[in-house]
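*Asks:* One structure coming up, written as structure tokens, with questions to follow.
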Amino acid sequence: LVQVIEEQTSRTFQTVDQRLQLAANQLQALQVDNKLDENAARTMLRGQLKTLPFVRAIWVLDAEGRILFDSDAGNIGVVMADREYFEIYKRQPTTQFHLSAPVRSRTTGTWLISASRPLSTGVGTFSGVIVAAVEPPYFDKLWREIKLGDGGAIALFRKDGVLMMRSPFIAEALGQVVPDLPEVKTMLAGPDIGAFDQVSPFDGRLRHFAYRRMTTQRDLTLVAGLPHDLIV
């Protein structure tokens, strides 16, 4: 089951990455044709969203972290330089596709995971970031279709112990860091595939978990668990 879920989740993030690259190329094409303005960019970005039901918005930051273009209206000029999806490219300039820890949107108040890619000038100089707002509840709905059984749980962890997503969805658990759990610490630092027993820090149930490192995003690990009482 965890292999199937990991494959499905990996392909979803791959689709987001490819869409960001396509949108960046189209922005560049509009600029070359002297057609790039706020309205043209918004129309193009909204077109990208039509085939991405799990992405709420796409926006572009300039080299100073200000919103330059946005699929939503009313955000142009807002400074987002303190967000992880911008700071990561300042701290680690070689970073390409990146998934930030879950945060609440400043404009809508909903939870989102920011998927991002850097933008550069023709000579390779950093010129900004293109970002897609991935909605965690989409994955809760998708993963529930797996039907692990009563008390089954699925979670996605980043290598630093941040909980990226969980099903059943628990909003207050998103973005929490849980590396102090011995089994989780071993999982994140260990082999690509494995299993362990753990009492959940979120609902207190003892589960048997299987985990698998994601093939396309190596800093993410997918975990699926069944309660011991259900197994018995």
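*Asks:* Once every DSSP H run of n ≥ 4 in the chain is given -39500 (n - 2.57) and the sum is divided by its residues, what mean residue ellipticity at 222 nm do you get, rounded to the nearest 500 deg cm²/dmol?
*Replies:* The per-residue figure over the chain is -9500 deg cm²/dmol.
*Asks:* Which one, ARG117, ARG83, ARG213, has the greatest fluctuation when you compute a Gaussian network model over the chain with C-alpha springs under 10 angstrom?
*Replies:* ARG83
*Asks:* How long is the gain from ILE231 to VAL78 if the chain were fully straight, where each residue apart is worth 0.36 nm and the alpha carbon distance is subtracted?
*Replies:* 50.0 nm
*Asks:* Under 5 Å between amide hydrogens, which residues at least 5 positions from VAL78 or on another chain qualify, with H placed 1.01 Å from N in the peptide plane?
*Replies:* So VAL78 has HN proximity to ILE67.
*Asks:* Here is a further query. Between ASP160 and VAL177, how many nm apart are label points set 7 Å from Cα along the C-beta direction?
*Replies:* Placing both labels 7 Å along Cα→Cβ, they lie 0.7 nm apart.
*Asks:* Please list, in chain and number order, the residues 5+ apart from GLN176 or on another chain whose amide H is under 5 Å from its amide H, with Hs placed from the backbone.
*Replies:* Excluding prolines and chain starts, which carry no amide H, the hits are LEU163.
*Asks:* Quote to one decimal, in nm, the extra length available between GLU64 and ALA195 on full extension: 0.36 nm per residue of separation minus the C-alpha distance between them.
*Replies:* Using 0.36 nm per residue and subtracting the Cα-Cα distance, I get 42.8 nm.
*Asks:* For LYS35, list the lysines whose Cα falls under 30 Å from its own Cα; do not include residues on the same chain fewer than 8 positions away.
*Replies:* Excluding near neighbours in sequence, the set is LYS50, LYS90.
*Asks:* Hydropathy first: keep DSSP H helices in the chain averaging at least 1.6 on Kyte-Doolittle, then drop any whose Cα extent along the axis falls short of 24 Å, and list what survives.
*Replies:* Span-like helices here: none at all.
*Asks:* Taking the Cα centre of the chain as origin, work out the dipole magnitude from +1 charges on Lys and Arg Cβ and -1 charges on Asp and Glu Cβ, in debye rounded to 20.
*Replies:* So the dipole magnitude of the chain works out to roughly 280 debye.
*Asks:* Calculate, for LYS185 and LEU52, the FRET efficiency according to 1/(1 + (r/R0)^6) with r their C-beta to C-beta distance and R0 41 Å; round to the nearest 0.05.
*Replies:* Efficiency for this residue pair is about 0.75.
*Asks:* What whole-number value in Å² describes the accessible area per residue of the stretch 44-121 for a 1.4 Å probe?
*Replies:* With all protein chains present, the stretch 44-121 gives 46 Å² per residue.
*Asks:* Under 8 Å for C-alpha pairs, at least 6 residues apart: give me the relative contact order for the chain, rounded to a whole percent.
*Replies:* 17 percent
The values are calculated or read from the model by the stated rules, or taken from the named source; none is laboratory data. Remember, it's a predicted structure, so these values are computed and weren't measured experimentally. Cβ sites come from the backbone with ideal geometry, for glycine too, and all protein chains shown count toward neighbours. Heads up: the accessible areas ignore ligands, DNA and RNA and are worked out on the full protein's heavy atoms, side chains in. Shrake-Rupley method; radii C 1.70, N 1.55, O 1.52, S 1.80 Å.
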